[in-house]
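K.L.:
Please see the structure below; I have some questions.
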Amino acid sequence: MSSSPVRPSRLPRDERRKQLLDAALHVFVEHGFHATSMDDIAVAASVSKPVLYQHFPGKHELFLDLMDTQINLLESSVSAALESTTDNRDRVLATVRAYFQFVDSPDRAYRLLFDSGLNNDPTVAARMEGLDHRFATGIAAIISADTTLAPAESLLLGHGLAGLMRASARHWAGQAGEPSRPDLETAADLASRLAWRGISRFPKER
């Protein structure tokens, strides 16, 4: 008499959620938000659609969950770089390098932030504007403390430096696979030198 086959145990909720997020990340990165369906994500995760909907009410909510994770990763990395030294030239290089390292991740998850195709989505736009403003505020606090500039003036420069990092890192990431692309250290050094030559011109507080 043969025994009944043993059914595989169900994953704990947290593990299942992580599995779904990992699968969704891969699909969103490869195909973008608009070309991805919940069916695609369910197939990639090897689950049924009802299982997927048990964890996420829809594609938009799933995307925002992934986006928040990447925002937290980038913000933590850049904040740590800003606080890593009191030497401002080294601090600029460390911060720019952290941004480049984020976009150099093999999973290309940076595309959820910079190439999502959801620039006009109010929820996505608000998250990105908040991220940019927090970066700028952190940079401005250092500028304001070290120079004779007023807080509002420092914040303007903070936004300029944050924009420089974002634009240069995004451009560099888009060159992946091109033989002429500089390596990460060279690219980060170039961008940081540009930033430093600009910000170092402002007078130190006496």
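The values are calculated or read from the model by the stated rules, or taken from the named source; none is laboratory data. This is a predicted model, so every value here is computed, not measured. Glycine gets a Cβ as well: all are built from the backbone with ideal geometry, and neighbour counts include every protein chain shown. In case anyone asks, the SASA skips ligands and DNA or RNA and just uses the protein heavy atoms, side chains included. Shrake-Rupley method; radii C 1.70, N 1.55, O 1.52, S 1.80 Å.
K.L.:
Regarding Ser84, is this residue outside any helix (DSSP H, G or I) and either among the polar types (S, T, N, Q) or farther than 28 Å from Asn119 by Cα (or both)?
P.N.:
In short, yes.
K.L.:
Take Leu93 and tell me if it is open to solvent by less than 40 Å² (accessible area, probe 1.4 Å), farther than 19 Å from Pro203 by Cα and part of a helix (DSSP H, G or I).
P.N.:
No; evaluated as a whole, the condition is false for this residue.
K.L.:
Let me ask something additional. State which residue pairs qualify: first residue open to solvent by less than 30 Å² (accessible area, probe 1.4 Å) and inside the stretch 146-164, second residue acidic (Asp, Glu) and part of a helix (DSSP H, G or I) in any location, beta carbons under 8 Å apart, and separation of 6 or more residues or different chains.
P.N.:
Within 8 Å, the pairs are Ala162/Asp132.
K.L.:
Does the stretch 117-130 include one or more residues that are in a helix (DSSP H, G or I), open to solvent by 60 Å² or more (accessible area, probe 1.4 Å), closer than 23 Å to Leu184 by Cα and basic (Lys, Arg)?
P.N.:
No, because not a single residue in the stretch 117-130 is in a helix (DSSP H, G or I), open to solvent by 60 Å² or more (accessible area, probe 1.4 Å), closer than 23 Å to Leu184 by Cα and basic (Lys, Arg).
Residue-by-condition table, conditions (1) modelled with pLDDT of 95 or more; (2) assigned to a helix (DSSP H, G or I); (3) within 23 Å of the chain's Cα centre (by Cα):
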site	(1), (2), (3)
Met1	no, no, no
Leu11	no, no, no
Lys18	no, yes, yes
His26	yes, yes, yes
Asp68	yes, yes, yes
Ile71	yes, yes, yes
Glu75	yes, yes, yes
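K.L.:
Same structure again: For the stretch 109-128, give me each residue that is polar (S, T, N, Q) and within 14 Å of the chain's Cα centre (by Cα).
P.N.:
Ser116
K.L.:
Can you name the residue in the stretch 17-63 that is of a type in the set (D, E, K, R) and within 20 Å of Asp107 (Cβ to Cβ) and, of all such residues, is least open to solvent (accessible area, probe 1.4 Å)?
P.N.:
Lys59
K.L.:
On to the next question. Here are some conditions: (1) farther than 18 Å from Val78 by Cα; (2) in contact (Cβ under 8 Å) with a residue 12 or more places away in the chain. Leu131 meets all but one. Which one does it not meet?
P.N.:
Leu131 satisfies every listed condition except (1).
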